[in-house]
Amino acid sequence: MRIGIYGGTFNPIHRGHITAALAAREQLGLDRLILIPASVPPHKRLPQGSASAEQRLEMAVLATAELGPWAEVSDLELRRTGMSYTSDTLRELRQRYPDDELWLLMGSDMFLCLHDWHEPEVILSLASIGAFSRTEESEAEAFARQKAFLESEFGARVALVDNRRVVELSSTEVREALPAGGGADLLPEAVYGYIRREGLYGAQCDLKHLGPEELRPIALSYLKPKRMPHVLGTEAEAIRLAQQYGADVTEARIAALLHDCTKKLDLPAQLALCEHYGIELDELERRALKLLHSKTGAAVARDVFGVSDEIYSAIWWHTTGKPDMSLLEKIIYLADYIEPTRDFPGVEELRKTVRADLDAGLLMGLNMTIREMEEMGNPIHKNTREARDYLLKNGGTTMKTPKELAILAAKALNDKKAKDIQVLEITDLTTLADYFVIATGSSNTQINALVDNVEKELHEQAGEEPLHREGYRGGTWVLLDYGCIAVHVFNAENRQFYGLEHLWRDGKQVDLTGILEEKE
Ligand SMILES: [Fe+2]
Ligand SMILES: [Fe+2]
């Protein structure tokens, strides 16, 4: 593996560093990059008003969002006490990566005086050098001379990284742009947000009542790089849903941007925030990190960013849901669930449902959560159950037509591997029911399992309970009567004996192709 080692004060890390790292990756074929923020380096004093070591480290981590998962940040030099030398860093890295190629990356100024560093022979024996070359003719000559010198004197391996496409940029220029409100185009988005929120380098920003555009970099600076696409996806989905269902788009964007703002904190930090904001917790919440971040996130959003009560509440309820949710609460709950980077079995069906009918989507989402928790053996928060039950009782738009119920029953049978499932429309033939759903089970046990699943699904998805049930104990046939639909499950022998399809042959068969997937 080829590992690039890119050290620097990173005060702050900026787009010049990012483009240089990308050029090195491409030209040297690097597989991995380790950014190493330097502790106050031997040959450099940091200017007044600089970021602390922890802040420089944090900004480097945020910057990896623009590099991708091949890049990481090491605090190896910041942890070291006393003078910190590159030769020591390379010794440590060599131990950690005994079989890999190490490439020490550096700018031209550094490269031209490399022979004067502490223990240059150690440095050059442990790592190859990737030097960023710039445009000027004079420099090209100096580079060639230095390369030849290091090669003959130290047996060094030196490669020049052509960095001419990059606009020359220094941290000094970046720092100078910040007090006047500039710098956004010079910095990775989350780094810019971090500087603004921390008020570094004289950057001023009132965090209260920001609009979404100004808020976005700051919101990103609260996240782990791998979570940033999720939050941006949630914002995009929240905009779509707010437009479709007539919610305030700006409020939806702000809530989406801040909904996971405390997600990266660990349990002790979450509990400390709960204490600070006087958030009372139940037994389950005290142990469940996932449930805490929505509450602390809401508190931070209100305290730090001055968000409205509606936004506060949408963030507060975004993991569990609750009975009688507001439009914004539903939108944030669902945007978080179905945003474009989400990928789990059933997400496409959920997306379709949400876009067709918000409440039906909400019900489906709540049911999926409940089922997943049940399958994993995790406790289900009572608010989630209550949210589901509330929707079932007060559904309105979630009321299913008889045909939808019949298809739901057919799917429930199919899920448990029933054979020969048929749905007959008999609306015009009898007042008994609108639809018959008929299926065959292979054994008494399976018949009971099939019927149980129909009851469970119709309860969860539609809030329907059978009016009565016949033959349950016998097991060779069962009838579930829901009024508008009747579900008949037989064993093969009884199916033939009763011949319902034949009896009701004037009924219309509902075409189930594409509705029922093959079950293994
Ligand atoms: Fe969340
Ligand atoms: Fe989220």
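With in contact with a helix residue (DSSP H, G or I) (Cβ under 8 Å, 6 or more places away or on another chain) and assigned to a strand (DSSP E or B) as the only criterion, which of L102, L57, L78, L90 stands out? Give the steps one after another, and end with the answer.
Working: L57 fails: assigned to a strand (DSSP E or B); L78 fails: assigned to a strand (DSSP E or B); L90 fails: assigned to a strand (DSSP E or B).
When all the criteria are applied, what remains is L102.
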Enumeration of residues in the stretch 301-325 that are part of a helix (DSSP H, G or I), in contact with an Asp or Glu (Cβ under 9 Å, 6 or more places away or on another chain) and over 17 Å from G233 (Cβ atoms): R302, E310, I311, S313, W316
Within the stretch 330-353, can one find any residue that is within 19 Å of H293 (Cβ to Cβ), under 22 Å from the mean Cα position of the chain (by Cα), within 15 Å of ligand 1 (Cβ to nearest atom) and surrounded by fewer than 21 Cβ atoms within 10 Å (Cβ to Cβ)? yes
Filter result (out of contact with any Pro (no Cβ under 7 Å at 6 or more places or on another chain), within 14 Å of ligand 2 (Cβ to nearest atom), farther than 13 Å from L358 by Cβ and assigned to a helix (DSSP H, G or I)) within the stretch 224-250: K226, R227, M228, P229, H230, V231, L232, T234, E235
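Condition check: modelled with pLDDT of 95 or more and more than 13 Å from H259 (Cα to Cα). Does T353 satisfy that? Let's see the steps before the verdict.
Details: modelled with pLDDT of 95 or more: no; more than 13 Å from H259 (Cα to Cα): yes.
Taking the combined requirement at face value, the residue does not satisfy it.
Within the bounds of the stretch 251-266, is there any residue that is outside the structural domain of L67 (by TED's automatic domain parsing), of a type in the set (S, T, N, Q) and not in a helix (DSSP H, G or I)? Show your work before the answer.
Going through the stretch 251-266, the residues outside the structural domain of L67 (by TED's automatic domain parsing) turn out to be 251-266.
When the remaining residues are screened for being of a type in the set (S, T, N, Q), the result is 262.
This time we only want the ones that are not in a helix (DSSP H, G or I), so: 262.
Yes, that holds for at least one residue.
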Checked L271, L328, L291 against criteria (more than 26 Å from R196 (Cα to Cα), within 14 Å of ligand 2 (Cβ to nearest atom) and assigned to a helix (DSSP H, G or I)); the one match is L291
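Return yes when L178 is touching a strand residue (DSSP E or B) at 6+ places or on another chain (Cβ under 9 Å), modelled with pLDDT of 90 or more, crowded, with 18+ Cβ neighbours inside 10 Å and not hydroxyl-bearing (S, T, Y) and no when it is not.
Working: touching a strand residue (DSSP E or B) at 6+ places or on another chain (Cβ under 9 Å): no; modelled with pLDDT of 90 or more: yes; crowded, with 18+ Cβ neighbours inside 10 Å: yes; not hydroxyl-bearing (S, T, Y): yes.
Taking the combined requirement at face value, the residue does not satisfy it.
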Exactly one condition in (1) surrounded by 12 or more Cβ atoms within 10 Å (Cβ to Cβ); (2) free of Cβ contacts under 8 Å to residues at least 24 places away in the same chain; (3) not in a helix (DSSP H, G or I) is false for T513; which is it? (1)
Quick one: which residue in A144, A156, A148, A140 is more than 16 Å from G4 (Cβ to Cβ), without any contact (Cβ under 8 Å) to a residue 40 or more places away in the chain, of a type outside the set (D, E, K, R) and not in a helix (DSSP H, G or I)? A156
Which numbered condition in (1) away from ligand 1 (no atom under 16 Å from the Cβ); (2) in a helix (DSSP H, G or I); (3) farther than 30 Å from A433 by Cα is the only one that A360 fails? (3)
Consider M110 against the criteria (1) surrounded by 14 or more Cβ atoms within 10 Å (Cβ to Cβ); (2) in a loop (DSSP other than H, G, I, E, B): it satisfies all of them except one. Which criterion is unmet? (2)
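If I ask for residues that are in a helix (DSSP H, G or I), in contact with a helix residue (DSSP H, G or I) (Cβ under 7 Å, 6 or more places away or on another chain) and in contact (Cβ under 8 Å) with a residue 40 or more places away in the chain, which ones from the stretch 448-480 would you list?
Residues satisfying the conditions are N453, V454, E457, L458, E460, Q461, A462.
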Of (1) part of a helix (DSSP H, G or I); (2) surrounded by 15 or more Cβ atoms within 10 Å (Cβ to Cβ), E374 satisfies every one except (2)
Hey, can you tell me all the residues within the stretch 187-243 that are of a type in the set (S, T, N, Q) and touching a helix residue (DSSP H, G or I) at 6+ places or on another chain (Cβ under 7 Å)? S221, T234, Q243
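The rows are residues; the columns are (1) within 30 Å of R227 (Cβ to Cβ); (2) without any contact (Cβ under 8 Å) to a residue 60 or more places away in the chain; (3) among the aliphatic types (A, V, I, L, M).
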position: I3; (1), (2), (3): yes, no, yes
position: R32; (1), (2), (3): yes, yes, no
position: S39; (1), (2), (3): yes, yes, no
position: A51; (1), (2), (3): yes, no, yes
position: A60; (1), (2), (3): yes, yes, yes
position: W103; (1), (2), (3): yes, no, no
position: H115; (1), (2), (3): no, yes, no
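The values are calculated or read from the model by the stated rules, or taken from the named source; none is laboratory data. Quick caveat, the model's predicted, so the values are computed rather than measured. Backbone-built Cβ (ideal geometry, glycine too); neighbour counts: all protein chains shown.
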